[in-house]
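Please treat every number below as a calculation from the coordinates, not as lab data. Keep in mind that this is a model prediction, so the values were computed, not measured. So basically every Cβ, Gly included, is an ideal-geometry build from the backbone, and we count neighbours across all protein chains shown.
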Amino acid sequence: MNNLLIWPIMLPLLAALAAVILPAQVNRIGITAGLASLVAVVLLLSRVATEGPLLLALGGWTPGLGIALRADALSVSLILMVSLVALAAGIYATGYFAKQDDRARFWPLWLLLVSALHALLLSADLFNIYVTLELLGITAVALAAIKAERDAVEAALRYLVVGLLGSLMFLAGVALIYARYGTLDMIALGDSMQPEPAAWVALALMSTGLLIKCALFPLHFWLPPAHANAPAPVSAALSALVVKAAFYLVARFWLDLFDGVVTVDAARLLGLLGAAAVLWGSWQALRAQRLKLLAAYSTVAQLGYLFLFLPLLVMMPPGTARDTAFGALVLLAITHGFAKSALFLSIGVIQQRAGHDRIAELGGTARRLPVTTFTLALAGVALIGLPPSGTFLAKWELLSSAFAAGEWLWVAVVALGSVLAAAYTFRVLGHAFGPGEGVAHVLAWRREELPSLVLALIATVVLGLGAAYVWQFVAPGAFAAEVL
Amino acid sequence: MLATDLIYSFAGVALFALGLRAALLHRTLLGRVLSINICGAGIFLVFVALAYRGHDLAPDAVPHALVLTGIVVAVSATALALALGRRLHEAGDE
């Protein structure tokens, strides 16, 4: 039974409705739904691991007229990341939002966001992807503006307008695809796609729309204010998950759906923008005065690394080397998801305890909040790419692919970006370990510190030591998918 | 003489381009929201034109369904933008 595919979408969706009806029980509903959808995702993952990609024609309508859902190794691994991060951030949010009103506003939107993310990752239909992109954009904007502070609303509004422009460009590409090929089903399209003007223009329109949404330099301008002004759990989801969904589509299109259409030069252009993002984002993170702004600029940089993989993957002939590099790309994306959410949640702890997130005034944090400082350091390890984090292995693989291809520019960018990441991480830790009374109360251990610690440990230890499983799971099936 | 569906398609593309240009150039929120809606209407017009299969055949139902869904999405997004704009306006008055 492939009906398993609907549960990661339906459970959060139904829970969102329940959370609207029963505002007094929202915390319980949210956590229960998070756990239940995690169970569904794990079951789905084990099915995909044993049986390969799964396909479900919704309502029994065959694709073409109906809409298909599809789960393969790539989408299922990202869904597992989404579920885990969303659950941890949700648990953190139960303590973060002290007022009942705030909780009642937060949970329905949060559950809709998770549902939209799962639906996007499972969609096998271009128009359905457009709808899920819009659902994701609208819930993300509403969550970013949830505190109704002037700066947050202003940033959210810009986020919305920019996101809408991105979605419309995507939709224009979808219209062109339908005009030329007469179908929006991605599996049927994969077979009929030809390198011709219609496909090029459609890919250009859709990619531009998606690049706005994943904030690739120089289209990143909306991200830092939107991510830095949102409440901590929301920032974690925006930075770790929402931009990743747009990147997933870019990777899916460039490496799978349009693989006969893309050219190495076009992919190299994306790689160059990624390189600029790595350098500019890291530099801005180093100069940031506030922790949340640092984390947001670090997201700009980390997304840049993902784009460095594209020219290499497009250049490589199909085979083990390409599969390995693709596994590294997925590992990097997932590790960043866990590390960045851990970073934003621990910044949230500091911000609530200290009343601010100014980096220069963090003195004494290490003494008062040892666990959170440890989490910050672990997240930093994963962002820099030190062993044993998953990032280390992924960057290693990126470097060796770049060496093998003789693409020296990427090697220099990765090296410089890592040095800058180390600089901004140690700048924060330097202040945190310094003398001062930044945080008012001496605290031995707080429940709210746990979710971020778990996320940071997954990024540094679990994904580092268990990286072989990610590779085994993702790599071999990655490009055999079209056979289906 | 252009075929009817091509006239509609070109009009749609022109609307899309005009809306996109205006959305990028306008500074005010209302101007931007209206431009985005015009931009979207252009794409919907293209979809509607795509459904045309000649005078004797029934139009293709799929693009029509897509346009209906698209309109729902566009209205929701517009509502959210206006609600946020109003909240910003109220916050500015304090």
Item to check | Ranked A:MET193, A:MET186, A:MET316, criterion: other C-beta atoms within 10 Å, fewest first | outcome: A:MET316, A:MET193, A:MET186
Checklist outcome for this item: Given unit charges at Cβ for Lys, Arg (+) and Asp, Glu (-), the dipole magnitude of the stretch B:4-93 about its Cα centre in debye, nearest 20, is 340 debye
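Based only on other Cβ atoms within 10 Å, what is the fewest-to-most ordering of A:LYS213, A:LYS244?
Details: A:LYS213 30, A:LYS244 25.
Ascending number of Cβ neighbours within 10 Å: A:LYS244, A:LYS213.
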Checklist outcome for this item: If N is the residue count of the stretch A:248-404, its Cα Rg over 2.2 N^0.38 Å rounds to 1.17
Checklist entry - Can you work out D for the stretch B:4-93 in µm² s⁻¹ from Stokes-Einstein, where Rh is the Kirkwood radius over C-alpha pairs, the temperature is 4 °C and the viscosity is 1.567 mPa s? => result 90 µm²/s
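Nearest 500 deg cm²/dmol is fine: what mean residue ellipticity at 222 nm does chain A get from its DSSP H runs of n ≥ 4 alone, each adding -39,500 (n - 2.57), divided by its residue count?
Numbers: 20 runs with 347 residues, N = 484.
Taken over chain A, the calculation gives -24000 deg cm²/dmol.
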Item to check | Local net charge near A:LEU69, Cβ-Cβ under 14 Å (Lys/Arg +1, Asp/Glu -1) | outcome: -1
Item to check | Ascending count of other beta-carbon atoms within 10 Å, so fewest first, for A:GLU449, A:GLU437 | outcome: A:GLU437, A:GLU449
Next on the checklist: From the helices alone, meaning DSSP H stretches of at least four residues, give me the mean residue ellipticity at 222 nm for chain B, per-run term -39500 (n - 2.57), in deg cm²/dmol to the nearest 500.
Outcome noted: -29000 deg cm²/dmol
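Provide the packing ranking of A:74-87, B:35-48, i.e. peptides ordered by the mean count of other C-beta atoms within 10 Å per residue, highest first. Numbers along the way, then the final one.
On the way: A:74-87: 24.6, B:35-48: 22.1.
Highest mean packing first, the order is A:74-87, B:35-48.
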Checklist outcome for this item: Percent relative contact order for chain A, counting Cα pairs under 8 Å at least six residues apart, stands at 15 percent
Checklist entry - How about the stretch A:182-240: which chymotrypsin sites (Phe, Trp or Tyr not before Pro) there lie in a loop by DSSP and see at most 16 other Cβ atoms within 10 Å? => result A:PHE221
Checklist outcome for this item: Note, A:GLY271: beta-carbon cut-off 14 Å, +1 each Lys/Arg, -1 each Asp/Glu, net -1
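For the stretch B:39-94, run through the trypsin sites (Lys or Arg not before Pro) and keep only the ones in DSSP coil with at most 15 other Cβ atoms within 10 Å of their Cβ.
B:ARG53
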Item to check | Sites matching trypsin sites (Lys or Arg not before Pro) across the stretch A:71-109 that sit in DSSP coil, with at most 10 neighbouring C-beta atoms within 10 Å | outcome: A:LYS99
Checklist entry - Looking only at other chains, what is the average number of their beta-carbon atoms within 10 angstrom of each beta-carbon in A:171-180? => result 6
Item to check | Acute angle (nearest 10 degrees) that the helix A:100-122 long axis makes with the longest principal axis of chain A, alpha-carbon atoms | outcome: 30 degrees
Next on the checklist: I'd like the FRET efficiency for B:LEU34 and A:LEU14, computed as 1/(1 + (r/R0)^6) with the beta carbon distance as r and R0 of 35 Å, rounded to 0.05.
Outcome noted: 0.45
